[in-house]
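Visitor: One structure coming up, written as structure tokens, with questions to follow.
The values are calculated or read from the model by the stated rules, or taken from the named source; none is laboratory data. Values in this document were obtained by computation on a predicted structure and should not be read as measured data. Positions of Cβ are backbone-derived with ideal geometry, glycine not excepted, and every protein chain shown enters the neighbour counts. Accessible surface areas use protein heavy atoms only, side chains included; no ligands, DNA or RNA. Shrake-Rupley method; radii C 1.70, N 1.55, O 1.52, S 1.80 Å.
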Amino acid sequence: MAPPSFSCACAAMAAPGAEMEVAAATGPEELVCARGRNRKAVLCQRCGSRVLLPGAAIFARRELFLPSMKKKTALVASSDPDGDVLQDHWLVDDMFSFENVGFTKDVGNIKFLICADCEIGPIGWHCLDDKKSFYVALDRVSHE
């Protein structure tokens, strides 16, 4: 599957047919509590900086395309990036719930989430049309 163009709307950035599903307690048991929230702190894989405190996010399944992990400058400069369609995410509804996260410049109407300390990313995805949905991909972070 070819990555979608960044000039598309938010729905086009999601994988075709992808609907958001808040999956209470159906994620990886060691990471998701009975209330569907993150049991452990969420950390940057590269530098170990804390991104989210335990209990700050809800496990959600939604297929989203994220470009390959790069420094912020390379991520924004790339017009046709390689990447992955990822399904398991932490859903955060308030940007102030993050301990340490940065955002790329707008790429269409998307901002990618990056580690604010080492600027590696994207670790997540945010559509500017939806002010209350910030996704952090489980495959792009570590847990402690």
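Visitor: Is it the case that some residue within segment 57-70 is in contact with a strand residue (DSSP E or B) (Cβ under 8 Å, 6 or more places away or on another chain), in a loop (DSSP other than H, G, I, E, B) and modelled with pLDDT of 95 or more?
Guide: yes
Visitor: Could you list, ordered by first residue, the pairs with Cβ atoms under 6 Å in which the first is in segment 123-144 and within 15 Å of Ala56 (Cα to Cα) and the second is surrounded by fewer than 16 Cβ atoms within 10 Å (Cβ to Cβ) and of a type in the set (D, E, K, R), at least 6 apart or interchain?
Guide: Hits for this filter: Lys132/Asp93.
Visitor: Only residues that are open to solvent by 20 Å² or more (accessible area, probe 1.4 Å), assigned to a loop (DSSP other than H, G, I, E, B) and either more than 12 Å from Val51 (Cβ to Cβ) or out of contact with any Cys (no Cβ under 6 Å at 6 or more places or on another chain) (or both): list them for segment 116-132, please.
Guide: Listed by number, the residues that qualify are Ala116, Glu119, Leu128, Asp129, Asp130, Lys131, Lys132.
Visitor: Report yes if some residue within segment 97-115 is within 14 Å of the chain's Cα centre (by Cα), surrounded by fewer than 20 Cβ atoms within 10 Å (Cβ to Cβ) and aliphatic (A, V, I, L, M); otherwise report no.
Guide: So far as segment 97-115 goes, no, none of its residues is within 14 Å of the chain's Cα centre (by Cα), surrounded by fewer than 20 Cβ atoms within 10 Å (Cβ to Cβ) and aliphatic (A, V, I, L, M).
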